[in-house]
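The values are calculated or read from the model by the stated rules, or taken from the named source; none is laboratory data. These numbers were taken from a predicted model, which means no experiment stands behind them. Cβ coordinates were reconstructed from backbone atoms using ideal geometry, including for glycine residues, and neighbour counts include every protein chain displayed.
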Amino acid sequence: MQPMLTNLEQLYRLPEGLLRSVAITESGGNQFAVSGAGAKGLFQFMDGTARDMGLSGNDVFDPEKAAQAAAKYLSQLLQANGGDLSKALASYNWGIGNVQKHGMALMPQETRNYIPKVLSNMPAPGAQVQQQNTYHIYGGGDPHSVGNQVERRQQSANAQLMRSNQTKVG
């Protein structure tokens, strides 16, 4: 299913991994999920929203049709919220009318928890490290041995940087 989701994200100009993350957060990946509130399918569409997105009958339980509708809906929500992904996700979970009427400050706890859940299941943008190292190699010698010495020191610096980043993240 991932290639289809990736194609839909590109077609609707959605952030990478958004559809998969919404499906995991909404239904745990269960295409037949039904919530106590009546939301149905992989993307937990309420009946009215499903109809608005062109789904009818049991279409909400069809992963391809539901993914297409979710991509269209999330694209609309992003546009309606000026490209703000957090507001679009709040609108998906709580309803766009509530977000527009009450703003983000009055979101219920479920929606406050929902936004970081979805974001945490999306791939992080590539980590970038700004690093500038100066190595003093004394004694000189041939260029090959100097290059090897610089390589060893840089590998050590990189390993140390990676260890410190893992302890901060994990």
Legend entry - Count of the stretch 76-102 residues which are over 19 Å from SER21 (Cα atoms) and part of a helix (DSSP H, G or I): 9
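Just to check your reading of the model, which residue among ALA37, ALA105 is surrounded by fewer than 20 Cβ atoms within 10 Å (Cβ to Cβ), modelled with pLDDT under 95, out of contact with any Cys (no Cβ under 9 Å at 6 or more places or on another chain) and not in a loop (DSSP other than H, G, I, E, B)?
From the options ALA37, ALA105, the qualifying one is ALA105.
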Legend entry - Qualifying positions in the stretch 40-75 - among the aliphatic types (A, V, I, L, M) and part of a loop (DSSP other than H, G, I, E, B): LEU42, MET46, MET53, LEU55
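Quick grid of which residues meet (1) more than 19 Å from GLN10 (Cα to Cα); (2) in contact with a Gly (Cβ under 9 Å, 6 or more places away or on another chain); (3) aromatic (Phe, Trp, Tyr); (4) in the same structural domain as GLY103 (by TED's automatic domain parsing):
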site: ALA37; (1), (2), (3), (4): yes, no, no, yes
site: GLY41; (1), (2), (3), (4): yes, no, no, yes
site: GLY48; (1), (2), (3), (4): yes, no, no, yes
site: ARG51; (1), (2), (3), (4): yes, no, no, yes
site: GLY54; (1), (2), (3), (4): yes, no, no, yes
site: ASP62; (1), (2), (3), (4): yes, yes, no, yes
site: ALA66; (1), (2), (3), (4): no, yes, no, yes
site: GLY82; (1), (2), (3), (4): no, no, no, yes
Legend entry - Cβ-Cβ under 6 Å pairs, at least 6 apart or on other chains, the stretch 41-54 side free of Cβ contacts under 8 Å to residues at least 12 places away in the same chain, far side surrounded by 15 or more Cβ atoms within 10 Å (Cβ to Cβ) and in a loop (DSSP other than H, G, I, E, B): MET46/ALA39
Legend entry - Of all residues in the stretch 108-143 being at pLDDT 75 or above and among the hydroxyl-bearing types (Ser, Thr, Tyr), the one that is farthest from the chain's Cα centre (by Cα): TYR138
Legend entry - Residue under evaluation SER56, criteria (1) buried (at least 16 other Cβ atoms within 10 Å of the Cβ); (2) out of contact with any Asp or Glu (no Cβ under 7 Å at 6 or more places or on another chain), criterion not met: (1)
Legend entry - Selected residue (only one of LEU11, LEU5 is of a type in the set (A, V, I, L, M) and surrounded by 19 or more Cβ atoms within 10 Å (Cβ to Cβ)): LEU5
Inset, instruction - Output the number of the condition that ASN98 fails; it satisfies all remaining conditions of (1) of a type outside the set (Lys, Arg); (2) at pLDDT 95 or above; (3) at positive phi. - result: (3)
Legend entry - Single residue of the stretch 61-97 satisfying the filter (over 22 Å from the mean Cα position of the chain (by Cα) and surrounded by 15 or more Cβ atoms within 10 Å (Cβ to Cβ)) that is nearest to LEU5 (Cα to Cα): ASP62
